[in-house]
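Report on the following structure.
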Number of protein chains: 2
Amino acid sequence: MSHTDTVTIAVDAMGGDNAPEVVLEGVAEALAEDPCIEVLLVGPSEVVEPFASSHAHCIAQPASEVIAMDEHPAEAVRRKKDSSIVVGCRAVKEGRAQGFFSAGSTGACLAGATLVVGRIKGVQRPALCSVIPSPVAPVVMADIGANADCKPEYLVQFAQMASIYAEKIVGIENPRVALLNIGEEDTKGSQFAQQAFALMKEKVSNFAGNAEGRDIVTAGFDVIVTDGFTGNVVLKTVEGTAKALFGALKNVMTSSLKTKIGALAVKSDLKSLKESISADTYGGAPLLGVKGVCLVGHGSSNATAIKNGVLASAAMVRKDVSGCIAEAVGKR
Amino acid sequence: MSHTDTVTIAVDAMGGDNAPEVVLEGVAEALAEDPCIEVLLVGPSEVVEPFASSHAHCIAQPASEVIAMDEHPAEAVRRKKDSSIVVGCRAVKEGRAQGFFSAGSTGACLAGATLVVGRIKGVQRPALCSVIPSPVAPVVMADIGANADCKPEYLVQFAQMASIYAEKIVGIENPRVALLNIGEEDTKGSQFAQQAFALMKEKVSNFAGNAEGRDIVTAGFDVIVTDGFTGNVVLKTVEGTAKALFGALKNVMTSSLKTKIGALAVKSDLKSLKESISADTYGGAPLLGVKGVCLVGHGSSNATAIKNGVLASAAMVRKDVSGCIAEAVGKR
């Protein structure tokens, strides 16, 4: 598929803390930026129809229900068959859209993508993947929360799928894959990590060894795989630490007249640094291993993050990430 | 024990990347700072004897062997009976010292403390504990690496032991304890985390719920417990993220004449911030749950960190942390 073929992305109008306003704003920006994207806007008629009729390349897809952030994901997906998440996933399943993007409940999106769209044949567990905000270089991590409990063999596929995402979307050629562990040597780590190490050494051609927590943001490796529990904790730890440090930095810089004047001189460069490590750059976390594309944005997404999410979903369709995963996993 | 009673700390002269020079320097500083500390300096005669004869309150304790950082910990402890780590632990076991401090192999120190000094009766697994470098307030975390594989019930004792350390040494009254998890709700997390949650809710009186990765450095909780695999990854992630951000900040501040001038105005405040989140402040990671005191410093410790480690070990002896743990665990 070339960049000029039209790609249809189903977008959950009701996903995120500031839906639907921020979502509509972001969709409008995405449509304006890429004329080869068509958006299937999923949500209550009164929200999606007026917007679709006033925007080119936008089709309204009514869905009467909404899954809230605090609902039990799998249960809500089974029960609310006319929710924006389920209807959006169904559009992908039926081929009316090639990708689905939502800034709503991550769990419900995962459940929707797995139960409605379905796994790629041969994939044991789809993995949620994210680019770690590093000031050095992008680092792709999987799983960041789809599978709190993993078997060591799942990590082999996480490595293969995340490597394809790193190459196709993040633009890292021949990514070096590491296993997140608590020591550099083969024999270090929990029983789980030791078993995963042996399997990865045998089966993952671009496996480069163990990475420790301190190696994540330094970008010594391009792809880091782990179970969904550790991955989720680590991603949030990186985000939390960066946020706390920028907060402390702000306090330092506004503590006196002298520092305020100094801060003025570095303000714009600091802002660039802060933006460079923003999680919003890659538009959300893709669920790798499902048919079609499913991308989940932060609940706190602003319009720019929503726009990036729609564009990133389209990029994943155009680069045929799912097809490449199907081929790679089928090969084994 | 009052602050004026003399406390004897066995110090591993051969521990750390820059041993013995940096260790001797740090010991000299500690002895100068606190006249009620006596150091039993453990290492090769030619290192410890000249130092002891030229410093008051220092006794030489010859030990002919050294355990290297890359040796298998338990094996090395069993084989090298005259190593500085084993001899230092034996001094604690025999009552010739009340505490042991080393900046050497963490694994070997843990093995030495567990095999030679021994666990407190009733403690299932000793836990390695650390103060997380947060710009907001100190947060105590356990386990940070002694037990890569844990049973959920171990975390109950980790919570009790780390709470005592937080109160006695870090000075946090009525510390709020959290379980590290991937969601705030009771039902979130891996099977391990869900089981640990239920046990902690039942058995830990100061349990305050789940903490996510983003809650660690914000100091929303005082004590965070987790298994040693996740704890080790998280601690190193916080350290790595802070280091990378300070590195990026330095690049920003030296990128142009304008930013260099601005940087001058904030330099000293920035340095204070950097020091406030330094891991060296608390002098190392205590192994909680063994008889006597065992504190492990960073391999990269400088003289100040060694000094802090010796002083912190003495503080743990004076506050009778081990006795309080024995009492708390015995009560259950």
Relative packing of peptides A:104-117, B:75-88 - highest average C-beta neighbours within 10 Å first: A:104-117, B:75-88
field: Amide H partners (placed H, <5 Å) of B:Ile59, local residues excluded
entry: B:Val39, B:Leu40, B:Leu41
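With charges set only on the Cβ (+1 for Lys and Arg, -1 for Asp and Glu), what does the dipole of chain A come to about its Cα centre, in debye to the nearest 20? Mind showing how you got there, number by number?
Numbers: 31 positive and 36 negative charges, 90 e Å.
In debye, rounded to 20, chain A gives about 440.
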- prompt: Given label points at 7 Å from Cα along Cα→Cβ, what nm distances, shortest first, separate A:Asn251 from the same residue in every other copy?
  reply: 2.7
query: Average projected area of the Cα convex hull of the range A:44-129, in nm²?
result: 6.2
Under Karplus coefficients 6.51, -1.76 and 1.60, residue-wise ³J(HN,Hα) of the range B:127-141 in Hz, glycine/proline x: 10, 7, 10, 8, 8, 6, x, 10, x, 8, 6, x, 10, 8, 10
task: Step through the table entries A:Lys236/A:Lys271; B:Lys236/B:Lys291; A:Lys236/B:Lys307; A:Lys274/B:Lys260; A:Lys80/A:Lys307, compare each Cα-Cα distance with 23 Å, and write down the pairs that go over it.
output: B:Lys236/B:Lys291; A:Lys236/B:Lys307; A:Lys80/A:Lys307
- prompt: Residue farthest toward the positive end of the dipole of the range B:127-279, with Cβ of Lys/Arg at +1 and Asp/Glu at -1: which of B:Ser255, B:Val136, B:Asn206?
  reply: B:Ser255
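Please compute the length gained on full extension between B:Asp17 and B:Glu184, using 0.36 nm multiplied by the number of residues separating them and subtracting their Cα-Cα distance.
Using 0.36 nm per residue and subtracting the Cα-Cα distance, I get 56.1 nm.
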query: Can you tell me the Rg and Dmax of chain A, counting just the alpha carbons, in angstroms?
result: 20.2, 64
field: Karplus (6.51, -1.76, 1.60) ³J(HN,Hα), θ = phi - 60°, over the range A:215-225, in Hz, Gly and Pro reported as x
entry: 8, 5, 6, 7, 6, x, 10, 8, 10, 10, 10
- request: Choose one of B:Asn302, B:Pro175, B:Val23: the residue whose Cα lies farthest towards the positive end of the charge dipole of chain B (beta-carbon charges +1 Lys, Arg; -1 Asp, Glu; about the Cα centre).
  value: B:Pro175
task: Might you report the magnitude of the Cβ-based charge dipole of the protein assembly as shown about its Cα centre, with Lys and Arg at +1 and Asp and Glu at -1, to the nearest 20 debye?
output: 280
field: Label distances, nm, B:Asp149 versus same residue in remaining copies, Cβ-directed 7 Å point
entry: 1.7
- request: Can you grab the distance from the C-alpha centre of the range B:130-183 to the C-alpha centre of the range A:1-50, Å, no decimals?
  value: 45
query: Whose amide H sits under 5 Å from the amide H of B:Val290, counting only residues 5 or more places off or on another chain, with H placed in the peptide plane?
result: B:Ile120
field: Zone of B:Glu25's modelled label, taken as backbone nitrogen in the range B:35-61 under 17 Å from a point 7 Å along Cα→Cβ
entry: B:51
field: Centroid-to-centroid separation of the range B:105-129 and the range B:252-298 [C-alpha atoms, Å]
entry: 28
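Quick one: putting +1 on the C-beta of Lys and Arg, -1 on the C-beta of Asp and Glu, what dipole do you get for the range B:128-189 around its Cα centre, in Debye to the nearest 20? Could you put the intermediate results ahead of the total?
Numbers: 4 positive and 8 negative charges, 33 e Å.
In total the dipole reaches around 160 debye.
Roughly what % antiparallel, to the nearest 5, for the DSSP beta bridges in chain B?
Working: 9 of 37 bridges.
Bridges in chain B that DSSP calls antiparallel: roughly 25 percent.
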query: Long-range amide H contacts for B:Val139: which residues qualify at under 5 Å (H placed 1.01 Å from N, peptide plane, sequence gap of 5 or more or a different chain)?
result: B:Ile132, B:Ser134
- prompt: Cα convex hull of the protein assembly as shown: how many Å³ per residue?
  reply: 162
message: Given R₀ = 60 Å, what would the calculated FRET efficiency be for B:Glu33 paired with A:Arg78, taking r from the Cβ atoms and rounding to 0.05?
response: 0.40
query: Which aspartates and glutamates, on any chain, are close to A:Lys250 with Cα under 12 Å apart, when same-chain ones fewer than 8 places away are left out?
result: B:Asp269
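Just to be sure I understand the rule: take each whole DSSP H helix in chain A, project its Cα atoms onto its long axis, keep it if the span is 20 Å or more and its mean Kyte-Doolittle hydropathy is at least 0.0. Which ones pass?
Working: long enough: A:228-253 (37 Å, 0.58); A:257-276 (28 Å, -0.12); A:303-318 (23 Å, 0.86).
Length and hydropathy pass: A:228-253, A:303-318.
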- prompt: Under the Karplus relation 6.51 cos²θ - 1.76 cosθ + 1.60, θ = phi - 60°, what is the ordered set of whole-Hz ³J(HN,Hα) values for the range B:112-126, x standing for Gly and Pro?
  reply: x, 5, 6, 7, 8, 6, x, 6, 5, 4, x, 7, 6, 9, x
- request: Rank these for me by crowding, A:Ser190, B:Ser255, A:Ser301, going from fewest to most other beta carbons within 10 Å.
  value: B:Ser255, A:Ser190, A:Ser301
statement: When the charge dipole of chain A is computed with +1 at the Cβ of Lys and Arg and -1 at the Cβ of Asp and Glu, the Cα pointing farthest to the positive end, of A:Leu155, A:Ala10, A:Val87, is that of A:Leu155
task: Based solely on C-alpha atoms, express the radius of gyration and the Dmax of the range B:72-209 in angstrom.
output: 16.8, 51
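Can you give the average number of partner chain beta-carbon atoms within 10 Å of each beta-carbon in peptide B:247-257, as a whole number?
Values: counts 4, 9, 8, 0, 3, 8, 5, 0, 3, 3, 1.
That average works out to 4.
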Other-copy label distances relative to B:Glu46, 7 angstrom Cα-Cβ extension, nm: 8.8
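Can you tell me what share of the DSSP beta bridges in the protein assembly as shown is antiparallel? A percent to the nearest 5 is fine.
On the way: 18 of 74 bridges.
The antiparallel proportion sits near 25 percent.
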query: Cα-Cα pairs above 21 Å in the range B:127-279: how many percent?
result: 47
task: Per DSSP H run of n ≥ 4, the term is -39500 (n - 2.57); total these for chain B, divide by its residue number, and report the mean residue ellipticity at 222 nm rounded to 500 deg cm²/dmol.
output: -14000 deg cm²/dmol
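Laboratory data are not the source of any read-out in this text; all were calculated from the coordinates shown. Computed from a predicted structure; not experimentally measured. Note: ideal-geometry Cβ built from the backbone for every residue, glycine included; neighbour counts use all protein chains shown.
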